[in-house]
Structures are given as structure tokens and as C-alpha cells.
Amino acid sequence: MSDIYRERGMLHTIEELFCLIDTAIMEGYKFGSINEAIHCNKTVHLTFDDGYKEHLSVAKELKKRYDFSYNCITFAINIRNSFYEDKLCMDMLYQLIDKRRLNDMKKIFNIKSNNIELKELKKIFFSTTQYIEEINKYVDMQNYFLDKEEVIALSKLFSIASHCINHCYLTSLSDDDMYIELKVSKAYLSTLLNKEIEIICYPEGNHSNVINKVSKELGYKFGFSIFSKDREPKEFNINRSIPKCI
């Protein structure tokens, strides 16, 4: 994975993860279900986003080392990245940045300026699905994400959340497109895994009261965000933070 993840404080090695967990246990924390973590400050529920290939190995190691129960950890799966040939993920932008392919990015996104921040690129990229076909011509994301068999194997170890069909800002989509993202991804995973998917992990943490309401109506019970404000209903505004390395 790109070093940009580490620069943003979003990437831990497996050894760092073990260190974080061991320290938490020594300090009296327990690892439990989402409900337990919501209502108890000393309970941790681990979450992993995007369905990267290495997540299955991580899950097996966590199960072997700590024997965590099924409901202690949730892995969010993005439908397009795991099951479609064309991808839509942050790693595409990072790959272009790492390879210093500024001109390619300007061409894809029709950018005139030579100076553009990552935040602006993300907003352009994740506000629509129109760039999927074009950007897949420039980067190769094969073998980055879990495939069908691996997602099924992962689901037998820990709980699975929907991360929508496309990794887009739900708040930027029309109501109809937002509804499709939430409904189809839930139905797809529920059918594939033969178990009801009850958790929605909002891409990039972006959501709203309307999105929360639609999620609840579709049968989701929990909604994961990132650095979310303390809003109600709490079940659909679950604030997550990235743990700091010890």
C-alpha cells in the first residue's frame, strides 16, 4: 500500500496492531460487539475498511492469537472492488501520485491548474461514478482486494459490513443513486454470504440524517462513520477513530 496512508496515520503493520491490542488489554479494555462498544467506554470493537487482500490474513492471525468472537470485529466490503473488474478506490489516486503522473490526473479529471490538493482530488473523484472507466485505463488494481471466495472465508471468521457498491460520497449522489448504493450492496452481500448484512460503513464517513433514515428503512441496524459528531440516533452515527501506534 502507498506510503501516503502511513503519512496520513491510516496504516498499521500487523505487529503494530498486535501491540495496540496487547496494550489495550493490559489497560483493562475488552473487545466486544458494536452494541457493547457503543454503551461501554472500556469496550473496543475493531473495524477494517475496503476489503483489502491482506485482511483475510489479518483476520486469521487475530482469530489465532486472541480467539476473538465473531462479533468483535467488522470488515467492510466494497462491492465494486471485490466483485467487479473495474475498481473505484483511493488507491488509484495514490498510485498516480506515487508515480508522479500529474498530467494523467489532469487529463482524467479535466483539471487546468498545476496545483491541486489531495482533498480536492478526492472530492472530484468520489462525487460521481463517471471516472470509473477512464481511470481504470491508467492504473492496475488487480489483486488488491478480496475476491468472492475470500470474502466468504472472511465472513466465517468475523462480521461483514456493506461499504456500498461504489466508493462514492453518498452525500453527493441523488436520492435515487444513494438508495441504490445502500440497497443493492446489502442485498448482494446478504445473498452471497447467506446472512443478513446489518452494518453500513459510509464511504469516507460521509452521511446525513436522510442517509441514516434510508439505511434504517432498508434493514441496517448500525452505521459507521469517521470522526462523526455526537448525533442521534447513535446507532447510525457510530464514531470511529484510527488508533495511534504505541
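Mind checking which residues of the range 115-139 are more than 14 Å from Leu93 (Cβ to Cβ), modelled with pLDDT of 90 or more and not in a helix (DSSP H, G or I)? Explain how you work it out, then say what you get.
At the first step, the residues of the range 115-139 found to be more than 14 Å from Leu93 (Cβ to Cβ) are 115, 128-130, 133, 137.
Okay, now just the ones that are also modelled with pLDDT of 90 or more, so 128-130, 133, 137.
Within the range 115-139, Thr128, Thr129, Gln130, Lys137 qualify.
Restricting to the range 199-213, name every residue that is outside any loop (DSSP other than H, G, I, E, B) and either among the hydroxyl-bearing types (Ser, Thr, Tyr) or touching a helix residue (DSSP H, G or I) at 6+ places or on another chain (Cβ under 8 Å) (or both). Before you say what the answer is, go through the steps one by one.
Initially, the range 199-213 is screened for residues outside any loop (DSSP other than H, G, I, E, B), giving 199-201, 203-205, 209-213.
Within the range 199-213, Ile199, Ile200, Pro203, Glu204, Val210, Ile211, Asn212 meet the criteria.
Of the residues Glu196, Glu149, which single one is assigned to a helix (DSSP H, G or I) and either of a type outside the set (A, V, I, L, M) or modelled with pLDDT of 90 or more (or both)?
On the way: Glu196 fails: assigned to a helix (DSSP H, G or I).
The conditions single out Glu149.
Yes/no matrix, rows are residues, columns are (1) surrounded by fewer than 15 Cβ atoms within 10 Å (Cβ to Cβ); (2) more than 22 Å from Gly223 (Cβ to Cβ); (3) not hydrophobic (A, V, I, L, M, F, W, C):
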residue: Ala76; (1), (2), (3): no, no, no
residue: Gln95; (1), (2), (3): no, yes, yes
residue: Thr128; (1), (2), (3): yes, yes, yes
residue: Glu149; (1), (2), (3): yes, yes, yes
residue: Leu154; (1), (2), (3): no, no, no
residue: Ile160; (1), (2), (3): no, no, no
Looking only at the range 214-246, and only at residues there that are modelled with pLDDT of 95 or more and in a helix (DSSP H, G or I), the one that is surrounded by the fewest Cβ atoms within 10 Å (Cβ to Cβ): Glu217
Cβ-Cβ under 9 Å pairs, at least 6 apart or on other chains, the range 164-184 side surrounded by 15 or more Cβ atoms within 10 Å (Cβ to Cβ), far side basic (Lys, Arg) and assigned to a loop (DSSP other than H, G, I, E, B): His167/Lys87
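Filter the range 187-213 for residues that are among the hydroxyl-bearing types (Ser, Thr, Tyr) and closer than 30 Å to Glu149 by Cβ; which is surrounded by the fewest Cβ atoms within 10 Å (Cβ to Cβ)? Don't jump to the end; show me each part of the working.
Just the residues of the range 187-213 that are among the hydroxyl-bearing types (Ser, Thr, Tyr), to begin with: 188, 190-191, 202, 208.
Those still in the list that are closer than 30 Å to Glu149 by Cβ too: 188, 190-191, 202.
Working: Tyr188: 17, Ser190: 16, Thr191: 10, Tyr202: 28.
Within the range 187-213, the match that is surrounded by the fewest Cβ atoms within 10 Å (Cβ to Cβ) is Thr191.
The values are calculated or read from the model by the stated rules, or taken from the named source; none is laboratory data. Since we're looking at a predicted model, the values are computed, not measured. Here the Cβ is made from the backbone with ideal geometry for all residues, glycine too, and neighbour counts use every protein chain on show.
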